[in-house]
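Q: Here it is, the structure, as structure tokens.
We did not get these values from a lab; they are worked out from the coordinates using the rules stated. All figures in this text were calculated on a predicted structure; none of them were measured in a lab.
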């Protein structure tokens with residue numbers, strides 16, 4: 001049910017009434033064919049995405065799991081860090097920040113593994129020298 005304004009008193013009256021209930025003025029209700037119909041078109045908005053940030057996040061995540069592979073893990077880590085850093089300057093930044101943090105954690109793990117390997121080699125060298 002639609003409402004119309006009374007032309008005399010301005011009160012909102014259902015369009016099915018022929019006279020205003022307050023002032024008894026005749027209402028000229030529009031015919032069904034005279035009514036206007038609104039059409040709403042839903043236009044999808046352009047999606048904001050940060051391709052560099054997503055690529056950096058994915059590469060950093062892959063580098064986290066295969067960082068122990070000497071050359072491949074290091075290259076993937078480096079690319080993840082570079083893409084995540086470049087993605088920090090575009091909107092939205094969420095995955096770029098996550099990729100950058102994961103790259104930093106991966107760097108710490110790489111240094112830890114590399115340092116442990118050097119320590120092991122040094123210990124083995126000292127044991128070999130002492131045995132001779």
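Q: Can you tell me, using C-alpha contacts under 8 Å and at least 6 residues apart, the relative contact order of the chain as a whole percent?
A: Rounded, it is 19 percent for the chain.
Q: Counting each DSSP H run of 4 or more residues in the chain as -39500 (n - 2.57), what helix-only mean residue ellipticity at 222 nm follows after dividing by all residues, to the nearest 500 deg cm²/dmol?
A: My calculation for the chain gives -19000 deg cm²/dmol from helical runs alone.
Q: Another question, then. In degrees from 0 to 90, rounded to the nearest 10, what is the angle of the helix 94-131 Cα long axis to the longest principal axis of the chain?
A: On a 0 to 90 degree scale, this one is about 10.
Q: Once the convex hull of the C-alpha atoms of the chain is built, how many Å³ does it hold per residue, rounded to a whole number?
A: For the chain, the hull spanned by Cα atoms encloses 191 Å³ per residue.
Q: In degrees between 0 and 90, to the nearest 10, how far off the longest principal axis of the chain does helix 51-65 point, with axes built from Cα atoms?
A: Relative to the chain, helix 51-65 is tipped by roughly 40 degrees.
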